[in-house]
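Input: a single structure, listed below in structure tokens.
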Amino acid sequence: MLFLSKPSEKIYTTIDLPASKSESNRVLIIEALAQWQYEQKRLALPKYSIQNISEARDTKILQNLLKSTALRLNVQDAGTTMRFLTAFCAVTNRKAILEGTERMHQRPIGILVEALQELGAEITYLGENGFPPLQIEGFRQKKNVISIRGDVSSQFISALLMIAPTLERGVQITLQNKVSSLPYIQMTLSLMKNFEVESEWNENTIIIQPQLYQMKDFAVEADWSAASYWYSVATLAKQAEIFLPYLKKNSLQGDSQIASIMEFFGVKTFYEKYGIRICKVSEPKVNFFEYDFSNQPDLAQTIVTLCVGKNITLIAKGVESLKIKETDRLQALQNEVRKFGFQFYEIAENTWRLEKAENIDFAKGVCIATYQDHRMAMAFAPLSYLCTLQVENPQVVEKSYPKFWQEWKKIN
């Protein structure tokens with residue numbers, strides 16, 4: 001249990017962010033695929049360096065498992081690792097049993113497995129169909145044209161895209177239905193292009209021909225998702241000027257959209273040579289806010305809790321993927337905002353409403369449950385401006401931002 005008292009009302013500091021977990025995990029898979037390609041062709045990899053790889057637990061798990069020669073690979077609670085390794089192990093003929101925590105075995109993976117099986121992967125379920133654990137035996141390409149739903153998880157699509165250039169016949173992928181988290185797919189293709197793999201995207205079809213990844217020097221950007229919590233702090237403080245190093249204006253990360261969102265809440269972003277400076281310039285310009293989180297689902301908890309902090313009614317659209325994250329984030333948010341006197345409920349399919357509260361009394365403080373979800377802990381932390389907070393299992397932040405509480409001390 002961690003007790004958080006009210007932070008300073010006037011904040012002038014520099015906050016260190018973790019490296020982007022999303023970029024790091026993709027680069028690690030691309031690197032491993034490149035090494036496998038060169039081994040198959042008996043070529044020597046050129047010299048290169050990958051800098052600023054994330055220290056998040058998820059990324060460390062992926063690094064360790066990519067190096068492992070064991071049959072059983074335990075991804076623990078790392079969803080990205082499960083999805084990316086499923087495709088990687090299959091295409092490289094790496095026999096493996098992929099397993100994880102109880103919650104991981106409840107997170108669907110059938111859409112990805114079925115697509116890989118269509119391409120020629122031999123994968124079987126060791127438990128319930130459509131869910132981990134998985135047994136992977138090998139791969140022999142049978143076809144190169146597949147279709148996959150785009151409205152469940154962009155990580156399924158990214159996993160297929162990254163292995164595509166290593167296949168003898170390449171891949172043509174048709175995306176069905178609305179595509180969720182589109183920026184993450186664009187990030188994947190941009191990183192692949194950085195390592196000399198070209199793609200063609202026409203309407204809802206992506207084509208990738210057989211190609212050789214070319215490794216070169218690369219530095220991972222800081223994480224915009226992590227930056228969102230400090231934007232929330234800036235909004236809730238009376239005065240704030242926070243420098244966040246190693247963020248870029250032209251970022252590959254979809255969550256960089258937080259800079260535009262926060263203008264509605266009175267925080268302006270200034271882009272500088274070595275990062276960004278965020279400054280509170282006014283109180284929020286709205287008492288009602290509506291946003292479609294389809295492309296930035298990881299910002300949803302930040303915005304919901306910020307609207308609690310400023311007592312703003314919120315309409316949150318495009319939140320369907322939140323149900324299959326580390327926890328059911330919609331249910332978790334519903335439970336925890338109720339402790340602040342707010343109601344969060346579904347008003348239409350994939351659309352939820354946060355209702356402004358009346359007669360709020362925080363004299364006794366609030367205890368926040370984190371549901372083994374790193375973003376629940378970090379998104380709710382800024383609400384310590386409202387009252388003394390108790391945060392259960394604060395160590396969950398290690399999943400993406402291990403030094404979060406260390407950085408938090410800078411604003412007390």
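For the chain, report the accessible area per residue in Å² (1.4 Å probe, heavy atoms, rounded to an integer).
Solvent-accessible surface per residue comes out at 41 Å².
If you place +1 on the Cβ of every Lys and Arg, -1 on the Cβ of every Asp and Glu, and leave all else neutral, what size is the dipole of region 284-347 about its Cα centre, to the nearest 20 Debye?
Its charge dipole is roughly 240 debye.
Need the list of aspartates and glutamates near residue 356 for cross-linking: C-alpha distance under 20 angstrom, and skip anything on the same chain fewer than eight residues off.
List returned: 283, 290, 292, 336, 346.
Give me the aspartates and glutamates in straight-line cross-link reach of residue 339: C-alpha distance below 12 Å, same-chain residues under 8 apart excluded.
Qualifying aspartates and glutamates at Cα under 12 Å: 361.
Would you mind finding the longest exposed-site-free stretch of the chain, with exposed GluC sites (Glu not before Pro) meaning DSSP loop and at most 13 other Cβ atoms within 10 Å? Provide the component values of the computation, followed by the final result.
Values: sites that count: 9, 102, 128, 168, 198, 203, 349, 358.
Formally, the longest exposed-site-free interval is 204-348.
Got a sec? Which residues in region 1-35 would a label at residue 395 touch, if it sits 7 Å along Cα→Cβ and we count backbone N under 13 Å?
Under 13 Å, as judged by backbone N against the label point of residue 395, lie 1-2 of region 1-35.
Once amide H atoms are built 1.01 Å from N in the peptide plane, which residues 5 or more positions from residue 152, or in another chain, come under 5 Å H to H?
Correct list: 180.
In a Gaussian network model over the chain where Cα atoms closer than 10 Å are linked, find which of 359, 52, 74 has the largest mean-square fluctuation.
359
Given the options 350, 371, 394, identify the residue whose Cα lies farthest towards the positive end of the charge dipole of region 341-400 (+1 on Cβ of Lys, Arg; -1 on Cβ of Asp, Glu).
About the Cα centre, the residue reaching furthest to the positive side is 394.
Considering only the chain, what is the antiparallel percent among its DSSP beta bridges, to the nearest 5?
Of those bridges, close to 65 percent are antiparallel.
Please report the relative contact order for the chain, taking Cα pairs under 8 Å with a sequence separation of at least 6, and give it as a percent rounded to a whole number.
19 percent
Taking springs between alpha-carbon atoms closer than 10 angstrom, which of 177, 194, 393 fluctuates most in the Gaussian network model of the chain?
Among 177, 194, 393, the largest mean-square fluctuation in the Gaussian network model of the chain belongs to 177.
Using amide H atoms built in the peptide plane, which far-off residues or other-chain residues are under 5 Å from residue 368 H to H?
Answer set, sorted by chain and number: 390, 391, 392.
Under a 10 Å cutoff between Cα atoms, tell me which one of 65, 43, 236 has the largest fluctuation in the Gaussian network model of the chain.
Checking each option, the largest mean-square fluctuation is seen for 43.
Which entries of 249/285; 21/47; 21/67; 325/403; 6/323; 178/248 have Cα-Cα distances beyond 26 Å here?
Working: 249/285 24 Å; 21/47 24 Å; 21/67 18 Å; 325/403 22 Å; 6/323 31 Å; 178/248 28 Å.
Violating the 26 Å Cα-Cα cut-off are 6/323; 178/248.
Per residue of region 309-321, in order, report the coupling 6.51 cos²θ - 1.76 cosθ + 1.60 (Karplus, θ = phi - 60°) as ³J(HN,Hα) in whole Hz, putting x for Gly and Pro.
Using θ = phi - 60°, the values come out as x, 9, 6, 10, 6, 10, 10, 10, 9, x, 10, 4, 6 Hz.
Go through region 157-162 residue by residue and turn each phi into a ³J(HN,Hα) via Karplus (6.51, -1.76, 1.60, θ = phi - 60°); whole Hz please, and just put x for glycine and proline.
5, 4, 4, 5, 4, 5
For every helix of n ≥ 4 consecutive DSSP H residues, a contribution of -39,500 (n - 2.57) applies; sum these over the chain, divide by its total residues, and give [θ] at 222 nm rounded to the nearest 500 deg cm²/dmol. Intermediate results must be reported in sequence, preceding the final value.
Details: 12 runs with 126 residues, N = 412.
Taking each H run of at least 4 residues, the total per residue is -9000 deg cm²/dmol.
Which ³J(HN,Hα) values, rounded to whole Hz and listed in residue order, are derived for region 397-412 from phi using the Karplus coefficients 6.51, -1.76 and 1.60 in 6.51 cos²θ - 1.76 cosθ + 1.60 with θ = phi - 60°, glycine and proline given as x?
Couplings: 5, 4, 4, 9, 9, x, 9, 4, 5, 5, 5, 4, 4, 5, 9, 8 Hz.
Over the chain, with every protein chain in place, what whole percent of the accessible area is carbon and sulfur at 1.4 Å, could you tell me?
In the chain, the share of accessible area belonging to carbon and sulfur is 45 percent.
Pick the calculated log10 I(q)/I(0) by the Debye sum over Cα atoms at q = 0.07, 0.12 Å⁻¹ for this structure from (i) -0.45, -1.24; (ii) -0.33, -0.96; (iii) -0.64, -1.12?
Checking each listed value against the structure points to (ii).
Could you list which residues have their amide H under 5 Å from that of residue 275, counting only those 5 or more apart in sequence or on another chain, with H placed in the peptide plane?
Here 246, 247 satisfy the definition.
Straight distance only, please: which aspartates and glutamates reach the Cα of residue 142 with their own Cα at less than 18 Å, same-chain residues fewer than 8 apart left out?
114, 118, 122, 168
The values are calculated or read from the model by the stated rules, or taken from the named source; none is laboratory data. None of the values given here were measured: they were computed from a predicted structure. Heads up, the Cβs are rebuilt from the backbone with ideal geometry, glycines too, and the neighbour counts pull from every protein chain shown. SASA here: full protein model, heavy atoms, side chains in, ligands and nucleic acids out. Shrake-Rupley method; radii C 1.70, N 1.55, O 1.52, S 1.80 Å.
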